[in-house]
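Report on the structure given below.
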Amino acid sequence: MSRIKELFQTKKNILSIYYTAGYPGLNDTVQIAETLEQSGADLLEIGFPYSDPVADGPTIQASSKQSLDQGMTLKLLFEQLKDLRKKVSIPVLLMGYVNPVLQFGVENFCKACVEVGVDGCIVPDLPMAEYEALYQGIFEGNGLSNIFLVTPQTSTERIHKIDGLSNGFIYLLSSSATTGQNLQVSEGTESYFSRIADMKLKNPTMIGFGIDSKETFDKACEYANGAIIGSAFVKALDANDLNGSVKTFMQKFKG
Amino acid sequence: MNYFVNEKGYFGDFGGAYIPEMLYPNVEELRQNYLKIIGDESFQKEFHQLLKDYVGRPSPLYLAKRLSQKYNANIFLKREDLNHTGAHKINNTIGQILLAERLGKKRIIAETGAGQHGVATATVCALRGLECVVYMGEIDIQRQAPNVARMKMLGAKVVPATSGSKTLKDATNEAMRDWINNPIDTHYIIGSVVGPHPYPDMVAIFQSIISEETKKQLIEQTGNDQPDYVLACVGGGSNAMGMFYHFIDDEKVKLIAVEAGGRGVDTGFSAATTFLGKEGVLHGSRSILMQTEDGQVVEPHSVSAGLDYPGIGPQHAHLFKTGRGEYVSITDDEALQAGLLLTQMEGIIPAIESAHALAYLEKMSFKGGENVVVCLSGRGDKDMDTYMKYFNL
């Protein structure tokens, strides 16, 4: 059974952490993964940086820029992840924009993911239609999950279609927003989360965007199988005390 | 060969809508409605009325006699510089504001490089009483101060883009982020034939008035609506697409697109996309863009802010790849010299963008008697600082 499937079958209130590869230090990528697992993270999303991250707010833009300035590339990332599976056992996803993947070659990218033990991908600007027409066969042929995003504005019909194409979990955005803004669970958000819960999707769901405290995490877990923390974690990373800053941050959620 | 958009939103291998899910409802709403709205009789009536009475169309097709003598061909200038607000950009913003109104939008956002599209957007927002926010690179805000003041006077809020190179590409990123965060009431007026489908097609349709008029004017002036060449500059490529549009299927008409070579194609300071770029995805469509081996977008350079963009629209990428269009480049120096030449031979100060197209005439050879149309996409008032510094005026 895949690591992702097993995780959702055996755990509730899953805590997933996003961070940018090559940040704060170029070679911190695997160290952060290891410390996160030791501190109780259930799932990791490692971001490969892009020069023009339109779906991201200032925190992840800045970490992406610093990482690129330090020399990060997809090729280097796969080298860094070569021994990932000797150190980390929880599921790992790669998250980033489509152009670097196209230049690396979709087939090569999927093969490299499998070789280092990455379980799936999130490519926010790869549309469902293009994925279906051109990439689904390559992803599935390599046993990789592709995670799609859903927003409060996504139609019910489209959510069902996304559910049919997904084989891991569905990433629910708490609102239509760029990353790094606070989650405000209004009546509208609650009815959106409830609507999705009532749809009885075949895939589990994770809520992301705006989760920055134990309180917002717990709230999100009421409606989904877990939640994803990104900008708040990236902001908390301290280059001078990398492991310490990771552990301190995780204590807020696992303490 | 089909040079236009297909039902999936592609021009050959290029186009599509590579957008995050957050933008899907907005773009889909536009995709489902744009042709229906534009085709509507009341829309057409209002659009053409405004183009006539407010923009001042049709813009003249002017036979530049002294220039014609110099180059030994009939050089016609399509005078988009005489439009209200000084460039072709207003053709598109008039069209999109009428469309936004019909979609019930209350708030307009736009990106701008030189400020021409920002001014054209702020102008139509003032005209229709809609809220307007324009994203502009911090560096462009400094180098285009008069246009920033115009936008502010027109009631727009000008927001500096402080990420990346702080120019047009980054202003576009910021506008897309704004749209993600304001999915219901906001329409994004993209200023060029770039972005996710249907933008490249929609903007081309609005700009196609340029070649529609040119054909009629050529008949009146020469008795023949088939010129031998049409030339236009290309950043994202909206004036060029407007100038090419009604000639694309007439393969006897040679289409020449002039890119900004900057300090020279091989100097590392250039915006000549077809020379330096590879296929990839930028700002929501598959096209040709300047990028590293790792797929990171490269910062372009051009003396003209309006051409300082690392990609071209997907329809241009298709015209380039199929060979239907000839894509060439002109350096900063050549463009500035051509701007001075037009000024002194015809009494017209062109925008430095348009001067790129004029500069290519130097590199062509004519037998005599050919009809050549150059799109004079904008006037040079906004570029006086650059001209003054370069020529020590």
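Any idea which of A:47, A:71 is at pLDDT 95 or above, of a type outside the set (A, V, I, L, M), out of contact with any Asp or Glu (no Cβ under 8 Å at 6 or more places or on another chain) and crowded, with 23+ Cβ neighbours inside 10 Å? Spell out how you get there, then give the answer.
Working: A:71 fails: crowded, with 23+ Cβ neighbours inside 10 Å.
Exactly one residue qualifies, and that residue is A:47.
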| request: Within the range A:84-109, track down each residue that is surrounded by fewer than 19 Cβ atoms within 10 Å (Cβ to Cβ) and within 11 Å of chain B (Cβ to nearest Cβ). | output: A:105
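So which strands (runs of 3 or more DSSP E) are wholly in the range B:278-332 and hold at least 1 residues that are buried (at least 24 other Cβ atoms within 10 Å of the Cβ), away from every other protein chain (no Cβ under 11 Å) and among the aliphatic types (A, V, I, L, M)?
B:285-289, B:325-331
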| said: Please verify whether residue B:63 is of a type outside the set (S, T, N, Q) and either crowded, with 21+ Cβ neighbours inside 10 Å or more than 30 Å from residue B:341 (Cα to Cα) (or both), treating the condition exactly as stated. | reply: no
| Name the pairs whose Cβ atoms lie under 7 Å apart, with the first residue in the range B:67-88 and free of Cβ contacts under 8 Å to residues at least 40 places away in the same chain, the second surrounded by fewer than 18 Cβ atoms within 10 Å (Cβ to Cβ) and of a type outside the set (Ser, Thr, Tyr), and 6 or more positions between them or separate chains? | B:83/B:56; B:84/B:56
| query | Which condition breaks for residue B:212 when tested against (1) open to solvent by 40 Å² or more (accessible area, probe 1.4 Å); (2) not in a helix (DSSP H, G or I); (3) not assigned by the TED database to the domain that holds residue B:38? | reply | (2)
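Could you pull out the residue among A:55, A:112 that is closer than 14 Å to residue A:144 by Cβ, within 14 Å of chain B (Cβ to nearest Cβ) and either aliphatic (A, V, I, L, M) or open to solvent by 40 Å² or more (accessible area, probe 1.4 Å) (or both)? Lay out the reasoning, then the answer.
Values: A:55 fails: closer than 14 Å to residue A:144 by Cβ.
From the options A:55, A:112, the qualifying one is A:112.
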| message | What's the total number of residues in the range A:161-192 that are open to solvent by 20 Å² or more (accessible area, probe 1.4 Å) and among the acidic types (Asp, Glu)? | response | 2
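If I filter the range B:182-190 for residues that are outside any loop (DSSP other than H, G, I, E, B), without any contact (Cβ under 8 Å) to a residue 24 or more places away in the chain and not assigned by the TED database to the domain that holds residue B:239, do I get at least one hit?
Step one: of the range B:182-190, the residues outside any loop (DSSP other than H, G, I, E, B) are B:186-189.
Right, trim to without any contact (Cβ under 8 Å) to a residue 24 or more places away in the chain and you get none.
Within the range B:182-190, not a single residue is outside any loop (DSSP other than H, G, I, E, B), without any contact (Cβ under 8 Å) to a residue 24 or more places away in the chain and not assigned by the TED database to the domain that holds residue B:239.
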| Taking the range A:132-153 only, how many residues are closer than 23 Å to residue A:18 by Cα, over 13 Å from the mean Cα position of the chain (by Cα) and within 14 Å of chain B (Cβ to nearest Cβ)? | 3
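Here's the yes/no breakdown for (1) on the phi < 0 side of the Ramachandran plot; (2) in a helix (DSSP H, G or I); (3) touching a helix residue (DSSP H, G or I) at 6+ places or on another chain (Cβ under 8 Å); (4) within 14 Å of chain A (Cβ to nearest Cβ):
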| site | (1), (2), (3), (4) |
| --- | --- |
| B:4 | yes, no, yes, no |
| B:8 | yes, no, yes, yes |
| B:31 | yes, yes, no, yes |
| B:43 | yes, yes, yes, no |
| B:48 | yes, yes, no, no |
| B:57 | yes, no, yes, no |
| B:93 | yes, yes, yes, no |
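If you check residue B:99 against the conditions, is it open to solvent by less than 10 Å² (accessible area, probe 1.4 Å), at pLDDT 95 or above, aliphatic (A, V, I, L, M) and in a helix (DSSP H, G or I)?
On the way: open to solvent by less than 10 Å² (accessible area, probe 1.4 Å): yes; at pLDDT 95 or above: yes; aliphatic (A, V, I, L, M): yes; in a helix (DSSP H, G or I): yes.
Yes, satisfied.
The values are calculated or read from the model by the stated rules, or taken from the named source; none is laboratory data. Being a predicted model, the structure only gives us computed values, none of them experimental. Quick reminder, even Gly has a Cβ in these numbers, built from the backbone with ideal geometry, and neighbours come from all protein chains shown. We work out accessible area using only protein heavy atoms, side chains counted, and drop any ligands, DNA or RNA first. Shrake-Rupley method; radii C 1.70, N 1.55, O 1.52, S 1.80 Å.
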